[in-house]
Amino acid sequence: MENSKQLRTWLDDLKLDHPLVIAGPCSAETEEQVLKIAHELKDSDVSYYRAGIWKPRTRPGNFEGVGALGLKWLQKVKAETGLKTATEVANRAHVELALEHDIDLLWIGARSTVSPFIVQEIADALEGTDKIVLIKNPVNPDLALWLGAVERLASANIKKLGVIHRGFSTYEKSKYRNNPEWQLAIELQTKFPDLPLINDPSHITGRRDMVFDVCQTALDLNFDGLMIETHFDPDNAWSDAAQQITPSTLIQYTKDLKIRNESITEADYNSELQKLRAQIDVADNQLLETLGKRMKVAEAIGALKKEKNVAVLQSKRWNEILGKMVLDGEQHSLSEEFILKLFKAIHQESINHQKQILKG
């Protein structure tokens, strides 16, 4: 993307002394619900009030939003609280209705980003708009697809763009609803540092008790803002009840979260160091998860060896692995000494797991 620096203009123009906060209910349920939450947020760090009007659900039969009626409720939010408004759009009709009701910020959801046809339809409908448009990452971890959506909108002469990191679906069991895959967001940030990057901890975690920690990680990684689902009665929300927090909790979070933005030289060093350490923390957690998965496979091999009465140690196979890892390690600038120490330790742990299986 050429002249990507201009993409930050809308964010800089807000002149905030804190990260951008977009908050509100997952779904607009009733006019009373929408207005009550908005009034509880109006004197906070929240700049944009979000509410899902059209809700694309994974399976039919679940609550799929109140439709265009909810846009009138968002108009009342703006009139009564002064908060700017935001909602998701998934097709041309949504865009046209949102623009008619003067919604300030539109976002494209993960299920839409995955389809270039849908993104192009939305880009055509939005061509030349001065509204802010944010693009959530696609459901699958595909950076090219995510950036492709940004490029389609940029080509439609939309100047106020940004992206939302909401995590990625996986068939593997995880503590997250959607795995954050932080390294992918970091890569996007490295390639396009001027593209505003917002984190959506609600959809990453799927659990309100994990929202704060994900917010802090995002801020440590220099994200520009947060989109957090907020409801005055989360347990009885009509959609995504488990991941929503109360307005009072959100307000407390904005006070407790650490913002690393000092300007003096030593503080700049410490701030940058903290960001890099946050990246190391992400990588370390991924290493542990990968090692845990490897040991599960080792245990399955142990069970098979027990069934077939095969010895735990297979020297030929081990030597082949070790030789391959030394060669592969060179491609990542890792010394032979380090690779040998690391994989010998991993191999020993695998043997220990298999021995436990054989012992029953």
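The values are calculated or read from the model by the stated rules, or taken from the named source; none is laboratory data. Keep in mind the model is a prediction, meaning the values are calculated, not measured. Quick reminder, even Gly has a Cβ in these numbers, built from the backbone with ideal geometry, and neighbours come from all protein chains shown.
A compact table of results
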read-out: Boolean, residue 235 is without any contact (Cβ under 8 Å) to a residue 12 or more places away in the chain and under 17 Å from the mean Cα position of the chain (by Cα); value: no
read-out: Any strands (runs of 3 or more DSSP E) falling wholly within the range 161-232 and containing at least 1 residues that are polar (S, T, N, Q) and touching a helix residue (DSSP H, G or I) at 6+ places or on another chain (Cβ under 9 Å); value: 197-199
read-out: Subset tally (residues that are under 15 Å from the mean Cα position of the chain (by Cα), surrounded by fewer than 24 Cβ atoms within 10 Å (Cβ to Cβ) and charged (D, E, K, R)) for the range 121-165; value: 1
read-out: Residue, surrounded by the fewest Cβ atoms within 10 Å (Cβ to Cβ), within the range 64-120, restricted to residues that are in contact with a helix residue (DSSP H, G or I) (Cβ under 8 Å, 6 or more places away or on another chain) and hydroxyl-bearing (Ser, Thr, Tyr); value: 81
read-out: Subset of the range 296-310 (residues that are of a type in the set (D, E, K, R) and either farther than 16 Å from residue 346 by Cβ or assigned to a loop (DSSP other than H, G, I, E, B) (or both)); value: 305, 306, 307, 308
read-out: Verdict on residue 254 being under 22 Å from residue 182 (Cα atoms), in the same structural domain as residue 172 (by TED's automatic domain parsing) and touching a Pro at 6+ places or on another chain (Cβ under 9 Å); value: yes
read-out: Residue 305 being touching a residue at least 24 places away in the same chain (Cβ under 8 Å), within 30 Å of residue 258 (Cβ to Cβ) and surrounded by 14 or more Cβ atoms within 10 Å (Cβ to Cβ); value: no
read-out: All positions within the range 239-251 that are on the phi < 0 side of the Ramachandran plot and either crowded, with 17+ Cβ neighbours inside 10 Å or outside the structural domain of residue 20 (by TED's automatic domain parsing) (or both); value: 239, 243, 244, 245, 247, 250, 251
read-out: Residue in the range 296-306 that is more than 27 Å from residue 181 (Cβ to Cβ) and within 28 Å of the chain's Cα centre (by Cα) present; value: no
read-out: The range 26-49 residues that are touching a residue at least 12 places away in the same chain (Cβ under 8 Å) and among the β-branched types (Val, Ile, Thr), paired with ones that are surrounded by 16 or more Cβ atoms within 10 Å (Cβ to Cβ) and in a helix (DSSP H, G or I) (beta carbon under 6 Å, 6 or more apart); value: 34/73
read-out: The range 216-238, residues that are within 21 Å of residue 175 (Cα to Cα) and surrounded by fewer than 24 Cβ atoms within 10 Å (Cβ to Cβ); value: 216, 217, 219, 220, 221, 234, 235
read-out: Residue match in the range 169-184 (condition: of a type in the set (A, V, I, L, M), touching a residue at least 24 places away in the same chain (Cβ under 8 Å) and crowded, with 23+ Cβ neighbours inside 10 Å); value: no
read-out: Selected residue [within 30 Å of residue 220 (Cα to Cα) and either free of Cβ contacts under 8 Å to residues at least 60 places away in the same chain or in a loop (DSSP other than H, G, I, E, B) (or both)] from 313, 342; value: 342
read-out: Some residue of the range 81-97 being modelled with pLDDT of 95 or more, at positive phi and among the small types (Gly, Ala, Ser); value: yes
